[in-house]
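Here is the structure we will look at, set down as structure tokens.
Just so it is clear, none of the values below were taken in a lab; they were calculated from the coordinates. Just so we're clear, the structure is a prediction, and the values are computed from it rather than from any experiment. Every residue, glycine as well, gets a Cβ built from its backbone with ideal geometry; the counts of neighbours run over all protein chains shown.
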Amino acid sequence: MAEFDFQALRNDARRRMDGALEVLHKEFGGLRTGRANTSLLEPVSVEAYGGHMRLNQMANVAAPDARTLTVQVWDKSLVKAVERAIRESALGLNPSVDGSLIRVPIPALSEERRKELTKAAAKYAEECRVAVRNVRRHVLDALKKGEKDGKISEDEHRQDADAVQKLTDEYIKKIDEILVKKDKDIMQG
């Protein structure tokens, strides 16, 4: 039989499933839990130097306690622009300026807002599950083609398909565990 590299296919599938998990972690990082987290300000874009820059490219963001973020702006002339960008972001935050340091108090979340955030987290998790299942479908299609082209036997196809299903189940379980942890964070936050 001709050469069929299932190991390379499986490694590629694992890499792509890892990528889906990475996206999920980034999405979850943007969901506010009521606790100060530096990743909360990652999406903030500041108008500076004739263009737009990410906040983390012009300042240090820290979480000195559970209810406060601090933003130490490197260029003092940009403090007002950074404050405005944080205030006008969709995050609902109210920063205050203290020299070149901006303090951002993190308000407690209402019960209704917590429920909205858990729904958003569930949506992100489902999108990740769909991405993982799409990777599985891609591998299964390649196996089917490999069998049809005579590169693998029917038994190899079945065995490799089972291995891909196990890999998929492993990643779906990881997604579910991450979602449970995030929901717990949101409801406790």
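The table below lists the values:
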| read-out | value |
| --- | --- |
| Table column - 3J(HN,Hα) (Hz), the range 9-21, Karplus curve with 6.51, -1.76, 1.60, x for Gly and Pro | 5, 5, 4, 5, 4, 4, 4, 5, 5, 4, x, 5, 5 |
| Signed unit charges on C-beta, dipole axis of the chain, positive-most listed residue G150, Q72, Q165 | Q72 |
| Listed residues M187, A131, F4: farthest to the positive end of the dipole of the chain (Cβ charges) | M187 |
| The range 119-124 - phi-based ³J(HN,Hα) in whole Hz, Karplus 6.51/-1.76/1.60, Gly and Pro as x | 5, 5, 4, 4, 5, 4 |
| Helix-only CD estimate at 222 nm, as mean residue ellipticity for the chain, using -39500 (n - 2.57) per DSSP H run (n ≥ 4) | -20000 deg cm²/dmol |
| Label of the coordinate-derived value, log10 I(q)/I(0) by the Debye sum over Cα atoms at q = 0.12 Å⁻¹, listed as [x] -0.94; [y] -0.56; [z] -0.71 | [z] |
| Amide hydrogen neighbours beyond the local backbone of A36, cut-off 5 Å, H modeled | R67, T68 |
| Acute angle (nearest 10 degrees) that the helix 154-188 long axis makes with the longest principal axis of the chain, alpha-carbon atoms | 20 degrees |
| Dipole moment magnitude, nearest 20 debye, the chain about Cα centre, only Lys, Arg, Asp, Glu C-beta charged | 600 debye |
| q = 0.13, 0.25, 0.27 Å⁻¹: log10 I(q)/I(0) that the Debye formula gives for the range 38-105, counting C-alpha atoms only | -0.28, -1.15, -1.37 |
